[in-house]
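Trainee: Can you keep this structure in mind? I'll have questions shortly.
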Amino acid sequence: MKIFSIIVTYNGMRWIEECLLSLINSTIPISIIVVDNNSSDETVFFIKNNFKDVTVIQQSENLGFGKANNIGIKRAYDDGADYIFLLNQDAFIYNDTIQKMV
């Protein structure tokens, strides 16, 4: 079973660490894809340097929430996703959230 979480970011430095750590600490392994909507802060740099297993897809412009999610969803399906979980950059999950949902 391959589960992916898609997170769309835009200048999300103040939230992204807690968000990503909550997914990484899931009781069920999750692959994480971040689609960055051309942040002007250090979001992308921070993720790439601190979360090596997170896939980051950088956009050269802000495509909006819907289009950015679609890019992440396509990537997840191309990588064999069975389930896809969308999560906002300013949210986090409990470590058993994905387990309960599956």
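Trainee: Between residues in the range 62-79 that are within 12 Å of I6 (Cβ to Cβ) and residues that are of a type outside the set (A, V, I, L, M, F, W, C) and modelled with pLDDT of 95 or more, which pairs lie under 6 Å by C-beta distance while being six or more apart or on different chains?
Mentor: A68/N37
Trainee: If you don't mind, another one. Scan the range 75-85 for residues that are out of contact with any Phe, Trp or Tyr (no Cβ under 6 Å at 6 or more places or on another chain) and surrounded by 14 or more Cβ atoms within 10 Å (Cβ to Cβ) and report the count.
Mentor: First, pick out the residues of the range 75-85 that are out of contact with any Phe, Trp or Tyr (no Cβ under 6 Å at 6 or more places or on another chain): 75, 77-80, 82-83, 85.
Pick out the ones that are also surrounded by 14 or more Cβ atoms within 10 Å (Cβ to Cβ) and you get 75, 83, 85.
Going through the range 75-85 one residue at a time, the tally reaches 3.
Trainee: I would also like to ask the following. Residue under question is F46, and the condition is that it be among the aromatic types (F, W, Y), under 24 Å from I98 (Cα atoms) and either in a helix (DSSP H, G or I) or at pLDDT 95 or above (or both); does it hold?
Mentor: no
Trainee: Mind checking which pairs have a first residue in the range 12-40 that is acidic (D, E) and modelled with pLDDT of 95 or more and a second that is open to solvent by 30 Å² or more (accessible area, probe 1.4 Å) and assigned to a helix (DSSP H, G or I), Cβ under 8 Å, 6 or more apart or different chains?
Mentor: As it stands, the answer is E17/F46; E17/N50, since those pairs meet every condition given.
Trainee: Can you tell me which residue is least open to solvent (accessible area, probe 1.4 Å) among those in the range 86-101 that are outside any loop (DSSP other than H, G, I, E, B) and under 24 Å from M13 (Cβ atoms)?
Mentor: Among those that are outside any loop (DSSP other than H, G, I, E, B) and under 24 Å from M13 (Cβ atoms), it is L87.
Trainee: Check the range 51-61 and report whether any residue there is under 15 Å from I7 (Cα atoms), touching a Cys at 6+ places or on another chain (Cβ under 6 Å), assigned to a loop (DSSP other than H, G, I, E, B) and open to solvent by 80 Å² or more (accessible area, probe 1.4 Å).
Mentor: no
Trainee: Hey, another quick one. Would you be able to say whether some residue in the range 9-20 is in contact with an Asp or Glu (Cβ under 6 Å, 6 or more places away or on another chain) and in a strand (DSSP E or B)?
Mentor: Yes: one or more hits.
The values are calculated or read from the model by the stated rules, or taken from the named source; none is laboratory data. Just so you know, these numbers come straight off a predicted model, no measurement behind them. Note: ideal-geometry Cβ built from the backbone for every residue, glycine included; neighbour counts use all protein chains shown. Note: accessible area is taken over every heavy atom of the protein model, side chains too, but ligands, DNA and RNA are not part of it. Shrake-Rupley method; radii C 1.70, N 1.55, O 1.52, S 1.80 Å.
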